[in-house]
Structure formats: C-alpha cells, structure tokens
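What follows is a set of notes on a single structure, which appears directly below.
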Amino acid sequence: MHEVLFVSQFSSQWLNTLKPNFKVLPFKERLLCGIGALLGLALSSLISWWVLGDLNAWYIAPMGASSVLLFAVPASPLAQPWNIVVGNSIAAMIGVTCALYMPNLTEAFSVAVALSIILMMSTDSLHPPSGAVAITAVLGGHSVHELGYQFVIYPVLLNSVLLLAIAIIYNRLLGKDYPQVAQVNTRTTDPTPTQRVTIQPQDIQDVLEQQTELLDVSEYDIQKLILAVQEKVNARANVPFTCQEIMSKDVIRLKQTDDIQVALNVFKHMNLMSLPVVNEQDELVGTLALYNVMEWLQRSIDLRGSWENQVKHIMQRQVVTVRPQQPIHDLIPYFVEKSFNYIPVVEGACLVGMVSRSDMIAVLNQHIIYLENKKH
C-alpha cells in the first residue's frame with residue numbers, strides 16, 4: 001500500500017514538472033477567450049469568403065493558432081499587431097519563394113520555417129503561427145502554388161488584418177488594453193514616481209539584455225508586476241490610518257442642477273481645479289473639472305451646445321471613490337501614479353468627505369517624523 005502511494009505521489013510530482021507555471025483563469029474568462037476566438041474566426045472567415053469568392057485558398061489554418069494568441073493571451077509580445085501582420089507576411093513570402101525554387105518539399109518547408117524564424121526575430125515580429133503559414137505556402141497544394149506571391153496579399157494578409165481588427169474590438173469591449181501601450185507612464189516618457197525611487201525601466205532593460213533566451217512577457221508587463229508588488233510591500237510598511245481619520249468633512253460641492261456659470265464662479269473664488277457633484281439627496285453623481293468648463297465655453301458659440309446650461313450636462317459621471325474605513329495606502333497609487341488631486345469618500349452613495357493630496361502628504365510627513373524620532 002505504501003509503495004503504491006509513493007509511486008502515485010512520485011507520478012504526480014513528475015507530471016507537475018511538465019506543466020507550465022501558468023495562471024489558470026476563472027471559467028468566465030476562459031469562456032470569453034473561447035467566444036472571442038469563435039467570433040474572430042467566423043467573422044474573418046465569412047468576410048474573406050465574401051471578398052475572395054470561389055478562391056480555394058480563401059482561408060488558411062494557421063489563423064486558428066493566431067486566434068489563440070489574440071484572444072487568450074493578448075498581453076503576449078507575440079500577439080501584438082506588428083507580429084501577426086509582419087510575421088505572417090514574412091513567412092508567406094519566404095514560403096512561396098521556397099516552394100517556387102526548391103522542388104523537394106521536405107527541404108522547402110524546412111528551409112522556409114528556419115528562414116522565417118531568423119527574419120521574424122530580426123524584425124521583432126516573431127509570431128509562432130507564422131511557422132505554419134510558411135509550411136502552408138509549400139504544402140498548400142495546387143490552389144496555393146497557383147497564386148504565387150499573391151498568396152502573401154490574399155489570403156494571408158487579408159486574413160491577418162481581419163482577425164486582428166476583430167481582436168482589437170473584442171478585447172477593447174472586455175476592457176483589455178490591446179494592443180498594449182508602450183510604457184506604464186502614459187503622461188510622459190519618464191518613469192512613474194514609484195519607479196524613480198525603486199526599480200526603474202532602465203534597470204529592467206539592463207537585466208533583459210543579459211538574457212540569452214526570449215521571454216514571452218513584455219517589459220511593460222514586468223514593470224506593471226513590479227509596481228503592483230511594490231504597492232503590497234508599501235502597504236505593509238504604511239501607517240494604519242483610514243480615510244475617515246484624515247478626510248475633510250466640510251466639502252465644497254456643486255449640485256448637478258447648478259448653472260455652469262455658478263460653477264465657474266466657485267472655481268474662480270476657491271482656486272480649485274475640480275469639484276464633486278451631488279444630487280438633491282447629497283449622493284455623489286459625478287465630478288466637474290475646470291477644463292470641462294473651459295471646453296463648454298469653447299462650445300457655447302456653437303448652436304449644438306446651446307442646450308448645455310447645468311453642471312449635469314458637462315460633468316464626468318465616472319468617479320473613483322473610497323469608503324470611510326478604507327486604509328489610506330489604497331489611495332497611494334491614485335495620487336502617485338495617476339496624479340489625482342483628491343478622492344471623494346462615500347458612505348452608501350452619499351458624499352461624506354474628501355481626501356486630498358495634501359492630506360496624504362501631511363500623514364506621510366508625520367510618519368517620517370515618527371521614524372526619525374524612533375531612531376534617536
């Protein structure tokens with residue numbers, strides 16, 4: 001019995017060594033990935049058929065592999081638009097060339113895949129399904145060989161662009177950043193404030209340059225992960241203040257039915273850049289920034305904008321809020337990375353206070369003084 005148990009445990013451990021260290025997504029996310037691939041392949045296939053008509057090679061199998069990357073792992077560097085379009089085009093061109101000038105099929109598709117890998121890596125357009133595109137160009141039969149270099153334009157480039165367009169729309173609808181932005185700090189090319197005092201992008205680049213293997217993770221994702229880890233580390237070291245302990249309770253606010261001119265006067269006299277907006281029940285319904293008012297002034301000469309006369313017509317309805325009992329370290333990313341000036345504190349839906357950047361600075365200053373005194 002013990003021998004059977006030992007063998008079972010050994011087999012389980014051995015199997016685990018074969019598995020990738022890969023996060024298993026919740027069922028809902030896995031379902032959405034599958035639905036995305038279904039829609040992407042079906043729609044791009046139908047459009048290709050409609051454009052190309054009776055052409056036998058109106059759709060190619062490697063698009064199925066591309067759909068795995070575009071819909072299941074859109075954050076992968078191998079799934080970016082440049083990779084699918086340029087990678088597939090390079091592979092198709094090399095595959096057609098090898099098919100034309102190398103009569104031995106085994107030699108032709110082997111050389112085609114090898115050259116495709118070298119050129120894709122040289123142009124930073126590596127896309128694994130492109131290897132199958134190169135093989136399809138060689139082994140695709142008479143219908144593909146008859147196309148010659150037209151195979152690069154259609155069906156390869158046409159299929160790639162259609163599938164890519166659907167992937168961009170679908171991922172955006174799900175709230176995913178695809179294609180990925182070039183860097184974490186979207187305001188400037190500088191590192192974020194947290195990065196300046198911890199691990200900077202240049203540090204990551206220096207380490208990646210020493211790697212001899214290609215990692216299927218972007219520098220952008222590494223930066224995001226490090227920032228998220230840094231937030232958790234900071235949370236453990238922070239003072240245990242809650243929002244209700246440092247918030248301002250006497251908050252200047254606008255009513256959603258206030259005239260916009262009234263709001264402009266408030267901004268002028270209070271020297272503020274933005275204000276919370278509430279309804280008659282004092283529930284937070286939005287926020288109004290000074291630039292919203294300035295944009296309204298520019299539109300006021302246009303007859304199409306003449307109906308806008310109340311705060312609710314131009315306010316922003318999406319507002320980041322916190323709860324009174326929420327620890328203040330939850331707010332740090334908004335003030336540091338996103339440059340918020342204040343965050344409303346709500347209980348239920350009612351506005352009960354405001355935590356500003358100056359409130360956070362005061363707390364952090366007090367904490368620094370405490371640590372200095374503790375040293376002495």
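Taken together, the values in this text are just the output of simple stated rules run on the coordinates, not laboratory data. Here the structure is a predicted model, which is why all the values come from computation and not from measurement. Cβ placement follows ideal geometry from the backbone for every residue including glycine, while neighbour counts extend to all protein chains displayed.
Since residue 124 meets every condition but one in (1) acidic (Asp, Glu); (2) outside any helix (DSSP H, G or I); (3) farther than 24 Å from residue 215 by Cα, which condition does it not meet?
(3)
Does residue 58 qualify as being aromatic (Phe, Trp, Tyr) and buried (at least 16 other Cβ atoms within 10 Å of the Cβ)? Can you show your working first?
Numbers: aromatic (Phe, Trp, Tyr): yes; buried (at least 16 other Cβ atoms within 10 Å of the Cβ): yes.
Answer is yes for this residue.
Which residues, taken from region 328-370, are among the hydroxyl-bearing types (Ser, Thr, Tyr) and assigned to a helix (DSSP H, G or I)?
Narrowing region 328-370 to residues among the hydroxyl-bearing types (Ser, Thr, Tyr): 334, 339, 342, 356, 358, 370.
If the condition is that a residue be among the hydroxyl-bearing types (Ser, Thr, Tyr) and assigned to a helix (DSSP H, G or I), then 334, 358, 370 are the ones that fit.
In the list 170, 178, 220, which residue meets the criterion of being in a loop (DSSP other than H, G, I, E, B) and of a type in the set (Phe, Trp, Tyr)?
Details: 170 fails: in a loop (DSSP other than H, G, I, E, B); 220 fails: in a loop (DSSP other than H, G, I, E, B).
Exactly one of 170, 178, 220 is in a loop (DSSP other than H, G, I, E, B) and of a type in the set (Phe, Trp, Tyr), namely 178.
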